[in-house]
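Only one structure is covered here, and it is reproduced in the block below.
The values are calculated or read from the model by the stated rules, or taken from the named source; none is laboratory data. Note that this is a predicted model, so its numbers are computed, not measured. Here the Cβ positions follow ideal geometry from the backbone for every residue, glycine too, while neighbour counts run over all protein chains shown.
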Amino acid sequence: MANIEEQVKGSSDADPHMEHILEEMLAADETITARSVAKKHPAIKHASSITRIPGRSDLLAQYQERQ
């Protein structure tokens, strides 16, 4: 069985963990950065795992704009 990060890399679907983290951060008025999301995510260990994958990067940008 592939881990969560491998599943997300091979899929065009959004990462539900990342989306949940972003929703919580938005509600708590926390500054949303790739690094802060990576620290809270169970499978993503580095900010570059968010910024180098277009789907994740786009999702991050959407929440940063909402903030």
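Brief remarks follow.
- Considering segment 41-59, and only residues there that are among the small types (Gly, Ala, Ser) and not in a helix (DSSP H, G or I), the residue that is farthest from His20 (Cα to Cα) turns out to be Ala47.
- Cβ-Cβ distances below 7 Å connect the following pairs, each with a first residue in segment 50-65 that is of a type in the set (D, E, K, R), a second residue that is crowded, with 17+ Cβ neighbours inside 10 Å and modelled with pLDDT under 95, and a separation of six or more residues or different chains: Arg56/Asp15.
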